[in-house]
1. Subtracting the Cα-Cα distance from 0.36 nm times the residue separation, let me have the gained length for SER294 to GLU484 in nm, one decimal.
2. Once each part is reduced to its C-alpha centroid, what is the distance from region 184-245 to region 259-314 in angstrom?
3. Can you put LEU291, LEU261, LEU129 in order of Cβ neighbours within 10 angstrom, beginning with the fewest?
4. How far is it, in nm, from the label point at GLU428 to the one at ALA311 when both lie 7 Å from their Cα along the line to the Cβ?
5. Evaluate the distance, in nm, between pseudo-label points positioned 7 Å from the Cα of GLN207 and of ALA254 along their respective Cα→Cβ axes.
6. With the crude spin-label approximation of a point 7 Å out along Cα→Cβ, what separation in nm comes out for TYR279 versus GLN215?
7. Multiply the residue separation of TRP437 and LEU261 by 0.36 nm, subtract the distance between their alpha-carbon atoms, and state the gained length in nm to one decimal.
Amino acid sequence: MPMQRMQKNVDFLTYLKEVHVDIYKEDLIIPSHTPGPGTAVYTVPSPTLSLKRAAVSIPFPQHVFPIHLLAYIFDFLHPSLDARTLLSCLTTCRAWYLPAQVRLYRSIVVSDERSLYLLWERLSDLPYLSRAVREVRLRDTSYLPAKSLSKNRAAVRGYWENPVWLLQSPRRLAQLVPYAEFLTFEHINWEKLHLRDDIPSHKWLSQWMSFPPLQQLTLHSCVFSCFHEFELVIMSLPTLDHLHLDSVSWGDHAVATADALRTDPRRRKIALGSLTIGYSCDLHSIATWILATSTIERIKRLDILAGHEGAPEVIAPFVNRFRATLQHLTIGCEGMAHTLAPMTTHMNFHGWPQLHTYYFKLISLFLPKVTWIPVALSFALPGFLPPYPQCPTISCTSTCACAGCLTRLTTLRVVVLDIPLADAAELENTVWDQIMWILAELVAGGSGLRIVFVQRGSMPLAQAEWVLKRRMGAVWPYVEVVSEDTKLEFCEADSQSSLGSSGSTRTGGPLSWC
C-alpha cells in the first residue's frame, strides 16, 4: 500500500490524519507491489509481552514518505499510539525502525518473571533503549477484583502467593532505567507482600530508592491491608513530586483515619508538589493524612476526582492549606454537593495568588450530577467574597473588599469544563443558566479569562463548538472547544490563549496558554 504524498494547499494535520488511517488501519500492511532491493524486513519483540502478534515481518519500499516529517507524525499521534501500532511502524521500513523502537520502549510493562527477564536481557544489550525508558509499569495480570474474589474465592485462594517477579523488580531494573520518571503499580494486591515495620520489609522497600529520582508514582486498582502499609510504600520514595491514586483501598475507614492521624517522623521526607485523588479512594483518610504531614504544604496541582462525599470540616482545611502555592485545581466527581455546599462558608478563592486554572470533570450531564458545578464556581466570584483580612493597603471594610483585593482574585486565567455532550438539550436547564451566568461574570472581570470545553461525548466536535458558543451568548469569543485527545498545557504565569481571542476548535496535539 503506497503512502500518499502531501499535496499543495492541504492542511498538515488533516494530512496526518489521512496517513494515520492509511497506515494503521490494519495490523498487517500488505504492499501493493513485489518487494524490491530497497525493501527492509524486521521482526521486533514487544516490551509489553502481552500481544498475541508481537512481531510481524512486513516488506515495504524505502523512503516513500518524507523522513524528516516522521518525528512530527509520532509527536502528533503520541500518546494515543499503542504498542501494536508502534510495532507496525517498526516493521514498516528501515528509516522508521529506530524512532518507533525508541518510542515503544518509553513505557515498559513487567507482569511476570518471564517479562522481567526478557526486559532485563534486552535493556542490558541495548543501552540506547535503556536510556529511552521513561515509565516503568508493574502490572499483576493474575490479580482479580474484589467482586470476582467474592464469587470465586475458593478457586483463587492460592493465587499470587509468591510474587517473585515483583520482589526482584527493583533490583533488576533500577540500574537499567537511568532516566525513568514514572513508576506505576497496577492491580497489585499488597496484602500478599505482608509489609510491616520490620527489617525484611524495610530492606525491600529501600531497594526502590536505588531508582533514579522518580517524579510520579501511580497506584491503580491496588489493595493494601491497612493505611500504614500504604504509607510505608510512599515513604520509601521520598523524592516523589506527583502522587496519583486511583481505585486504592486500605481496609476499614475508621482504622485508616486513626493510622492517618498517627505521628511518624519519617513523613518529613515527603514533599509532594502534585496530588491526584482518583475515583474509589478514601478522600477523608487522604485529607487527614495530608493535614497531619507538616512537609506537604506546597502542592501546586491538586486533582480531586473522588466520587463520594467527604466531611467539609476536613476537606475545607485540606484545600485551603495550599492556597499560597496552588496553581491548578481540578474537581471532578459524581456530586459532592453535600460537601461543597457547606464549604462555601469555610473557603473561597480570595487571595489565592498563584491559582490560574480551575478544571471541572463531569461524569455525565444528568441534572442531579451537575448541580454542584455552580456551587464550586461560585468560589471564584468576587461578589461572593468577604473582606480580605490581610489587605496590603488596609482599605477593606467590614462589609466589602476593596478594589485592589478584588483584583487579586483575577489570577484565574483558564476555566475548563470536561463534559460528555451528546445532545444540545442537555444544556437547556436552570442549572446551566447559572453556570453560564457565573462564567460570563468571570469573563466580565477583565482579567483575560479563557473558557475551555473539553468534548468527550458522542456529538461531533464542530457541532459541539456551535452549540456551546451559542449557549454562551455574548462571551463566545472567549470560548474554546477541544477534543479529549488534546493535551492541555498551562503556564504558571499570567497567560493568554495561543489560539487567539476569537475562539477555536482543536482536535489533537498540545494546547498551551503561554
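Every number here is computed from the coordinates shown, using simple stated rules; none is lab data. This is a predicted model, so every value here is computed, not measured. Here Cβ is always computed from backbone atoms with ideal geometry, including for glycine, and neighbour counts include all displayed protein chains.
1. In short, 64.8 nm is gained.
2. Taking the Cα centre of region 259-314 as reference, the centre of region 184-245 is 16 Å away.
3. Neighbour counts put them in this order, fewest first: LEU261, LEU291, LEU129.
4. 4.5
5. Each label point lies 7 Å from its Cα, and together they span 3.8 nm.
6. According to this spin-label approximation, the distance is 2.7 nm.
7. Additional length available on full extension: 59.2 nm.
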